[in-house]
Amino acid sequence: MGFSHYWYRPQILDGDKFKAATEDFRKMLPVFKKMGIILIDTYERRSKPALTAHLIHFNGKPGVEDFFIEAMFTDRRSSSGKYFAFCKTGHQPYDFAVMCALLIFKHHFGEPFKVSSDGRLPLWTPAINAVREHLGYTEWWDWKEEEEESEGFVDRFLITVKEQPCLKSESPIETDGEPSSPSQA
């Protein structure tokens with residue numbers, strides 16, 4: 001099994017919010033290009049992602065599985081009534097664009113759009129920082145374990161939080177026996 005991201009969502013996503021999410025993702029394209037991340041549309045065999053009022057679809061070059069979110073979804077409904085999708089990225093460079101897209105949709109759709117991942121918060125932090133910097137988002141995200149309704153398993157879901165979560169790798173640095181923040185080091 002490869003490295004993947006997962007999401008549960010309502011069958012129909014609000015059209016205006018979907019358009020806003022698509023436009024935010026479009027604003028991230030120069031960031032991806034600057035990072036050397038190549039996104040392609042494998043359906044239409046184009047050298048750029050498909051971004052419409054009803055669809056975001058892309059893969060990476062190199063890539064593993066296509067990432068797509070449609071405004072109206074008809075496949076893989078869970079017993080809880082939410083619609084389930086996933087994208088296996090295998091840690092290829094386009095994984096960053098997939099994480100940004102999921103953060104953008106989480107930002108626009110809130111709690112009904114539930115995101116899970118094989119990656120922990122430190123892996124997501126660069127994508128979180130990118131959407132905050134380039135799109136002006138003010139929220140932070142963290143993980144919360146919960147049992148998926150009627151599915152009978154516990155998973156970690158991305159939740160919106162008010163303050164930046166403390167990463168284990170960001171522990172205070174000690175100077176002369178007293179802790180200080182990393183910015184003071």
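Bear in mind these aren't lab numbers, they're just calculated from the coordinates by the rules spelled out. Everything quoted here is computed from the prediction, not taken from an experiment. Virtual Cβ from ideal backbone geometry, glycine too; neighbours counted across all protein chains shown.
Using a basic spin-label model with each label point 7 Å from the Cα along Cα→Cβ, how many nm lie between His91 and Met35?
If labels sit at His91 and Met35, their model points lie 1.6 nm apart.
Under 25 Å Cα-Cα from Lys27, which lysines qualify once same-chain neighbours fewer than 8 residues away are excluded?
Within the straight-line limit of under 25 Å, Lys27 reaches these lysines: Lys17, Lys19, Lys48, Lys61, Lys88, Lys106, Lys114, Lys162.
Along the Cα-to-C-beta direction of Ser47, a point sits 7 Å from the Cα; which residues of region 22-39 have their amide N less than 12 Å from that point?
Residues 39 qualify, since their backbone N sits under 12 Å from the label point.
Quick one: net charge of Gly2's neighbours, Cβ under 12 Å, K/R +1, D/E -1?
Net local charge, Gly2 excluded: -2.
What number comes out for the charge environment of Asp14, summing +1 per Lys or Arg and -1 per Asp or Glu over other residues with Cβ under 15 Å away?
-1
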